[in-house]
Amino acid sequence: MNDRSLWRLLEKLQRWEDEARIRERKRTPKAERPRCGARCRDGHPCQARAVWDRERGEIRNARCRLHGGLSTGPKTPEGKLRSREGARRGGQISAERRRGRRLARSPSAAISAQDSRQMEMAQKTQENG
């Protein structure tokens, strides 16, 4: 028996052992696995099964594939930055809406806000110019 065939035999034996170890793990039947439970558009809880991690033999993050069960969140620094930027933009939009509602209620606030915006624009043009 040459070295190559010996290596193949060892690799096959290792695969068999790994498969046997996986089979020996306690498995949870699909019927007993937890449901997603996220609220659907009509208000009832989602009845789909949560995403199952086969390697660990447990649920991933308690949600189905349609409600974020496959997502593990951003891992790279660039992805985390992109996520933070997206969350921050939402706050700016809501702040602008609040400002607009406040200005609609009182005319004197609208005039002072317009003056302050004009001053900000003038400062920006001076800095850039």
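One line per residue, one yes/no per condition, for (1) in contact with a Pro (Cβ under 9 Å, 6 or more places away or on another chain); (2) at pLDDT below 90; (3) not in a loop (DSSP other than H, G, I, E, B):
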position: L10; (1), (2), (3): no, yes, yes
position: W16; (1), (2), (3): no, yes, yes
position: R27; (1), (2), (3): no, yes, no
position: N61; (1), (2), (3): no, yes, no
position: R82; (1), (2), (3): yes, yes, yes
position: G90; (1), (2), (3): no, yes, yes
position: A104; (1), (2), (3): no, yes, yes
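Out of the residues in region 59-73 meeting the condition of being more than 16 Å from P45 (Cα to Cα) and of a type in the set (G, A, S), tell me which one is surrounded by the most Cβ atoms within 10 Å (Cβ to Cβ).
Result: S71.
The values are calculated or read from the model by the stated rules, or taken from the named source; none is laboratory data. Given the structure is predicted, the values throughout are model-derived calculations rather than measurements. Ideal geometry is used to build each Cβ from the backbone, glycine not excepted, and the neighbour counts take in all protein chains shown.
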